Structure formats: C-alpha cells, structure tokens
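The values are calculated or read from the model by the stated rules, or taken from the named source; none is laboratory data. As the structure is a computational prediction, the values presented were derived from the model and not from experiment. Don't worry about glycine lacking a Cβ; one is built from the backbone with ideal geometry, like all the others, and counts go over all protein chains shown. Calculation scope for accessible area: heavy atoms of the full protein, side chains included, ligands and nucleic acids excluded. Shrake-Rupley method; radii C 1.70, N 1.55, O 1.52, S 1.80 Å.
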Amino acid sequence: MATVEQGVGGGISFGLTDEQKALRDLAREFAEKEIRPREAEYDENQTHPADVIAKAHEVGLMNLHVPEAYGGPGLGCFDGLLVGEELYWGCSGIGTSITCNGLGAGPVIAFGSDEQKRRWLPPLLEEPILCSFGLSEPNAGSDVSGIQTTAVRKGDEYVINGSKMFITNAGHAAWVVVFASTEKGKGHKGLSAFVVPTDLDGVVVEKHLIKMGQRSTDTSAIAFNDVVVPGSNRLGEEGEGFKIAMTVLDFTRPGTAIGAVGVARAAFEHAAQYSKERIAFGQPIAMNQGVNFLIADMATKIEAARLLCWQAGWLIDQGQRATLQSSHAKRFSADSAMEVTTDAVQIFGGYGYMKEYPVEKLMRDAKLFQIYEGTSQIQRLVIARELLMPK
Amino acid sequence: MTGDRDVQHKVIEGIGFEPTREQRELQALAHAFAERELRPIAAEWDERDEFPPDLLAKAAKVGLTSYAVPAGHGGGGVGSVTAALIAEELSWGCAGLASTIQATMFLVRPLVRFGTQEQRDRYLPRLASEEGCLSAIAFTEAHAGSDVAAIGATARRDGDGYVLSGEKVYITNGGIAELTVVFAKLDGAITAFVVERDDPGVGAGRKERKLGLRASYTGSLVLDEARLPGGRLLGEEGQGFLVAMDFFEHSRPQVAAAAVGVARAAFEAATAYAREREAFGKPLIAKQGVSFKLAEMAMEIEAARLLVWRAAAAIDAGRDAGLLGSFAKAFAADTAMRVATDAVQVLGGAGIMRDHPVEKWLRDAKVFQIVEGTSEIQRQVVATYLRHGWTERPRE
C-alpha cells in the first residue's frame, strides 16, 4: 500500500469515529453491569469467570480479531484496544480471561493454513470455547530459547513431551498452542508451534496456581506426556515457532498494555473521588498539594500510556512494524499502573489497605502487567536494541 | 508532674556505627526467634488471616515482648536503638506476626512518661508478663485518621472515674487487647486513658480483612458508656494530644525499623534468586537491568537503617526526635514499598505466586507508608520544622 510506504495516514487526529465510540460504550456498559458486580468475590475466591465469559461471547466482545472470512468480527488492533481498556477497567482478572483467546488463537490467525483456520477458528465463535498460548516453562520465561518441551516427529505425527507454566486459561481451554523444540541444540531456531487439544491422552493440567493478583484468571501448569498430534496440527514450518510466537506477541502487546491503562484508570477514579469526599484538617484532602499532586501525576501517566498504546495499535493496523512502539506502550503502561495503583491505596490511607475498598486489589492486580507478555526489563532490552541497533 | 525517672539518657560522644556486644546479642536472639518461630509459619497464618494463639507467650518467654519495659519493672530496660535492632529482626521474620508481638511495647512510653507511680507499678509488670500481654493503642476513628484532633470519642467524669463512649477503628489488637491506651475528648480536650478488656461497656467490634499484615488482628474497639474506675487517667485531663505526639515521636523510629526488616527480607530473597536463576545463558545477576535494581535496594536499605538509628539515638540522648523520626519513617516506609515491588519483579512470574514469600512482603510493605503517620504526614512534619527553622522542636 502506497500510504504505508510513505508512512502517511489521514493526518494526526485523536478523535474516535462514531462506530468506535459505540464499540467502546458497549464494552464499558458490559464491564459496569457484568464485571464490576462480581469483581471482589471472584478475586477473593479465585473463581474462573465462566459465566462472564459466556455473556461476553454472547454480546460479541470475544474473539475480536478472528477474520470475517472465518465468522469473526475481524477487528483491527486499535479497535481491540477500545474494548480491552474497558474490560480490564472492570476487572483485569476477568478481563484477561475474556481476552486470552486473542493470544491463543493468534498463531492460527497469523500462520495457519486456510484449512487450519477453518478447523480451529469458527468453533470459537459458535460457543464460548477457550484456547491458550503455551510458551512459558518453569525454566524458560524471558529466555524463550530455553524451552525444553520437545515434539518428536514420528511419521505423520508428532509426540510432545514437556511442561508449560503460568498458562492463562489452560485449566479450561479446549486447545493450547504449544511451542516445542523439533530440533534440539538449535535453541529458539529449533522451535515449532502445534495446536494441541486438551482432551488428548497425556495432557494433564497439573496445578491451578494461587496468585497475588488477577486471581479470577485461571493460571495453570500443564504437562504433556507422550501427547500425539497429527502433523496437520503444526502451524507454519518446523523451526518457525519463535517467529510465530514473537509475531503474535507483537500484535497482542498493545492489548496487554491497554489493560494496564484500564486498571490504572479505575484506581485513579476511585482515588480522585475519595479525595474529594474525605475530610481531614477541616477540608477535603484533595485540597492539599500532597494529595492533588499525586492525583495529577496519575492522570498524566494514564493519558500518556493510553496514547502510546493507541499509537502502537494504529501502526499495527497500518501494516507497519511496531516493535519499538509496542515496547514503549507495554513498559510505560505497566510501570505506570503499578505506580498509580500504589498511590491510589496511599490516598485512601487506612481504608486503602482494607479489602472492603477496591483499591488494594487493583494494586495486587497491577503488578502482573510488569511481568507477563514480556517483563518491563525485556521491554527495555527491546527498546534499547531498536534504538541502538536499528534494523 | 511525672517525669522520666525510669529512663536513662545516654549521650555517646563521637560518631559510631557499631552496636555494643550486648546489642548484638539481643539482635541475635531476635533474629533466631524470627528464623525459628516466625518464618516457618508466616505464610500459613497470612493465608488464615489469624494470629497463632501460642505465639505471644513464646515471644514473652524469651523477652521479646518486654525488652523496652524498664528493668525496675521486670523488663529488659533497653533503649531505642536496641529496640530498633530487635524490631528490624522480628519484622524480617514476619511483619504481621511481629506487629502483634510488638504492640505491647507501644504502651511503655506513655506509661513511663505520663503514668503515676501507681500506674507504672501496676501496668508495667503486666506488660512484662511471661505469658505475654496483648496490648493496643487507639487513636483512629472512621472519620479521623491523619487528623487526630478531629476524633469524636468522648469521656465524662463519673465519681472518681470516667465514662467513655465512641468507636476506634483499624486498631492492632483492637477490642481484644488486655490493655489499651485510648484517646477521647473530655470537655472537648483530648485526654488519654488506660482501658482494660474487662471494664464494663468495652467490646470488640468488627475484625478487618486486609491486604497485608494479615496475621495481625486489626479490629474496632467499641466503648459503649464504658465505665473506668479511678486511676485510669493517663497524664492530666486535656493532656492527651501531648501524650499522642510524644508517643509518635518514640514509636516512629521503631515502625521505621520494622519497614527496614521487610525491605531487607525482600532484598535478600531477590538477590539469592538473581544469583541462581539463569536466562540467556547466565544468572540474572549478570545483567545490569537486574543487578542495578539490587544495588539500589541495598543502598536504600542501608540509608533507611541509618536514619532509624539516628532518630533512635536522639531519643536515647533525650533530644527531640520529631524531625529525625519523620525522616526515618517516610524514607524507610517508601523504601520498603519500592524494594518489595522490585523484589517481586526480580522473581518474574514466580514473584506473584504464593509459593514464594515476596508477594506477601509486597502486600505487607504497603502498610508502613500508612500507619503511624502516613508518608504524607511525615512530609508535613518535616515541612513544619523547615518553616519554623527548627532542627529540634522547642520544648514547652
């Protein structure tokens, strides 16, 4: 596209179209009506939000990026951000559970053959089926090349052995995209990607992990013991696994970052409201610069974080490489969310520490954004590399 | 007028940074207790949101609930610096469990400074009891946290005693303590009283569920026309605000020491992990992105501890410790939050799992920025000193 080569869009603008506003409003209303009322209870009890997922599916707020040709809404990255910010504003645990299909189905959408897409994508739209992204392992988080799960070719099939750790929705997924080594000794260049149905013999969900925050998301350890998959379940070529993973993560990174913006915004709103109501020393605490400067800084961080996410989403939709901007968005949004939620608890004082009030949960939830989908340290590594050794 | 008869002021000439042999021994005792009795049970009681019933007595038997009680009344008679060494170790073990144990020491200063001889003879030995004495100090009300002057609990004279009404909230051991120092307004002027659990009209309100310090009981103290007999007025009528400010001056370095303990625990765990965990062919600590974080943690913890010692030393020397105490409290609390947050980060995904203790330390760390004067109030205190050009507050 000529416009992409020239890097020209429709000029600079910050206004949403009416369609985009309607989509955002739909998501916001859903978050308010269906997510917020369950937020505290599902967090306390670590409840997998199957009911909310089903409702989100019904209303059309799941599987946003599945192309229209396969029955999906076919939304771009940017429009997904409008939905994502609202769902995570509702509750990041529930939000993660709803949006995780974006990560799980991403490899199929990006690298599946037409036949594979026809096989795996339409069922997602028919029922609230969940799919997961199986990359991380106990000994391989940031260091993807350390993956030890193997997929040994046997005729037309592969036999998969290994275990994955910290996998969202693995305990409830119908299938998992598993990244395994098909060529030992080649590190990340020897990885391949496979769609693995969880009802196959040898797939064992080992442990639902108990977490500090985002507790209403099922996060599990899942093991594969001599799991046999047909060759037709392999996505792309052997050895393309790392490329597939990184391409998908590039696309989903702004979506995770905007989640951090949603959490930060929720915390900021609670804190700002409280600061106007709470009286101390004869006036609302908001009248003190010690408090209102904290709030001012929260607002600026949220604004900047959102714009970084929007820029990354827009670039992706333009078909441009967005690695640097995605990393800016993820790193800044995640670190901001941690700062903002910590300060929100502070503004509530003693009340902020109590579970009766919503802000301590937001602080517990925020931490994970600095860690998953590329830690803030990995983001800095990527940014430094992009700036100092541009491709 | 009561005085500091039982308090020995010690001015050590010259600058020094080495604890005495005695201090080291007490520090080692506290550390051993923390390692043996607190660390192994911390996760379980955090999860249960409860305090283990036998722990206070265990701590009492080795002197860890009576170290600040004057020797003449059966305690260890240690000064502030020594107390800070102990406080850091106990919190290093578990801030929640330590908070309950240490609440007993909070009552020492108000009794020593403002109590009559009779009150000191009656209550200090109880604090030093070998069974442990669950204690509390109650300022906060629903609408009055930072703004202590705005409390609404009332007291009226009744014969030779007083009748108290009101509800104190968010009190460590609130409503279940044997002894509580309570602040209420008598004729509109804040006054301090000693309340015992069995006094008529004294009850426990709701128990709070918290982000961290979960093993520490936090609850409401309800005073429903609670009748106190004679001998319970602490200090003079209307002197309560002074009692409160004097208390905070003495408690802030100790709470700051506890924050240092939590920060140190988190830092040690993060460093150990960074040495072992490999990624990209090397231990994490080989990467500056990680090692610089640990370096900053180490520097800040060292600085925080020194600020604590300086404030505590001022108290031991009988000097004003308001400015120094606020330096220590704000810096140590803010450091603990930063360090604990970064410690979770160093552990990555493992950092947010309950299998590892760092997420608990992050949840525990936050409280220090809030209790005993928020980090904002500490800045306000410092600002007040700056505005008046004080390094020490003039004594009345």
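If every alpha-carbon in the range A:153-271 counts as one equal scatterer, what log10 I(q)/I(0) does Debye give at q = 0.19 1/Å? Summing over Cα pairs of the range A:153-271 leads to -1.09.
Note on A:ARG385 and A:ASN139: the model spin-label points, each 7 Å out from Cα along the C-beta direction, lie 2.2 nm apart.
Considered as an equivalent ellipsoid built on the Cα gyration tensor, the range B:284-330 has semi-axes of 32, 8, 4 Å, the largest given first. At an R0 of 22 angstrom, the distance between the Cβ atoms of A:MET287 and B:ASP187 translates into a FRET efficiency of 0.15. Qualifying chymotrypsin sites (Phe, Trp or Tyr not before Pro) in the range B:214-291, where qualification requires a DSSP coil assignment and no more than 15 other C-beta atoms within 10 Å, comprise B:PHE280. When Rg and the Kirkwood Rh are both derived from Cα coordinates, the Rg/Rh ratio for the range A:2-93 amounts to 1.08. Loop-located trypsin sites (Lys or Arg not before Pro) in the range B:300-396 (DSSP state other than H, G, I, E, B) with a sparse environment of at most 10 neighbouring Cβ atoms within 10 Å: B:ARG395.
For A:ASP226 and B:LYS282, the FRET efficiency from 1/(1 + (r/R0)^6), where r spans their Cβ atoms and R0 equals 41 Å, is about 0.80.
Under 17 Å from a label point 7 Å along Cα→Cβ of A:LYS184: give me every residue in the range A:214-235 with its amide N that close. Label zone hits: A:225-227.
Taking the Cα atoms of the range B:236-289, the ratio Rg/Rh between the radius of gyration and the Kirkwood radius comes to 1.47. Just need log10 I(q)/I(0) for the range A:91-201 at q = 0.13, 0.19, 0.24 Å⁻¹, Debye formula, equal scatterers on the alpha-carbon atoms, no solvent, rounded to two decimals. Those come out to -0.50, -1.05, -1.45, one per q.
Here A:LYS154 and A:GLU41 are evaluated by their C-beta separation; at R0 = 51 Å the FRET efficiency comes out at 0.60. Spin-label model, B:ILE12 to B:ALA28: label points 7 Å out along the Cα-to-beta-carbon direction sit 1.8 nm apart. Averaging 1/r over each pair of different alpha-carbon atoms in the range B:289-362 and inverting the result gives 13.5 Å, the Kirkwood hydrodynamic radius.
Rg over Rh of chain B, using C-alpha atoms and the Kirkwood radius, what does it come to? Rounded to two decimals, Rg/Rh equals 0.98.
For the protein assembly as shown, the solvent-accessible area with a 1.4 angstrom probe is 40 square angstrom per residue.
For the cross-link pairs A:LYS301/A:LYS367; A:LYS301/B:LYS210; A:LYS276/B:LYS168; A:LYS186/A:LYS391; B:LYS329/B:LYS366, the ones whose C-alpha atoms lie over 18 Å apart are A:LYS301/B:LYS210; A:LYS276/B:LYS168; A:LYS186/A:LYS391.
Taking amide H atoms as placed 1.01 Å from N in the peptide plane, the amide H of A:TYR158 lies under 5 Å from those of A:VAL229, A:GLY231, each 5 or more residues away in sequence or on another chain. The alpha carbon centroids of the range B:268-341 and the range B:168-200 are separated by 35 Å. For the range B:79-214, a Kirkwood radius taken over Cα pairs fed into Stokes-Einstein (37 °C, viscosity 0.692 mPa s) yields D = 204 µm²/s.
Build a GNM of chain B with springs between Cα atoms under 10 Å apart, and of B:ILE86, B:ILE15, B:ILE151 the one that fluctuates most is B:ILE15.
Result for chain A in a Gaussian network model with C-alpha springs under 10 Å: among A:VAL178, A:VAL83, A:VAL144, the largest mean-square fluctuation is at A:VAL144.
Between A:GLN320 and B:ARG209, the simple label model (points 7 Å from Cα in the Cβ direction) yields a spacing of 4.8 nm. The equivalent ellipsoid that matches the C-alpha gyration tensor of the range B:180-237 spans semi-axes of 25, 13, 10 angstrom, in descending order. Rg then Dmax, both in Å and based on the Cα atoms of the range A:240-376: 17.0, 65.
If you take the alpha carbon radius of gyration of the protein assembly as shown and divide it by 2.2 N^0.38 Å, what ratio comes out, to two decimals? Computed over Cα atoms of the protein assembly as shown, the ratio equals 1.05. At q = 0.26 Å⁻¹, what log₁₀ I(q)/I(0) does a Debye calculation on the Cα points of the range B:116-195 give, no solvent, two decimals? So the normalised log intensities work out to -1.24.
Would you mind checking the tilt of helix A:241-277 against the longest principal axis of the Cα atoms of chain A, expressed as 0 to 90 degrees and rounded to 10? The angle comes out near 20 degrees.
Listed by number, the DSSP H helices of chain B that run 27 Å or longer by alpha-carbon position along their axis and have mean Kyte hydropathy of at least 0.0 are B:240-276, B:288-316, B:322-347.
Compactness of the range A:77-150 was expressed as the Cα radius of gyration divided by 2.2 N^0.38 Å, which yields 1.30. The fraction of all Cα pairs in the range B:149-300 landing in successive 5 Å bins from 0 to the largest distance is 2, 8, 14, 14, 13, 10, 7, 6, 6, 6, 5, 4, 3, 1, 0, 0, given as whole percents.
Chain B against chain A buries an accessible area of about 3700 Å², both chains summed, 1.4 Å probe radius. Dipole magnitude for the range B:280-396: computed about the Cα centre from +1 point charges on Lys and Arg Cβ and -1 point charges on Asp and Glu Cβ, it is near 180 debye.
Given in Å, the Rg to one decimal and the Dmax to the nearest whole number for the Cα atoms of chain A are 21.2, 79. Separation of the range A:65-124 and the range B:72-120, taken as the distance between their Cα centroids, equals 58 angstrom. Spherically averaged projected area of the convex hull of Cα atoms, the range B:1-126: 8.7 nm².
Under 12 Å from a label point set 7 Å out along the Cα-to-Cβ vector of A:ARG119, the amide N atoms of the range A:155-169 belong to A:157-158.
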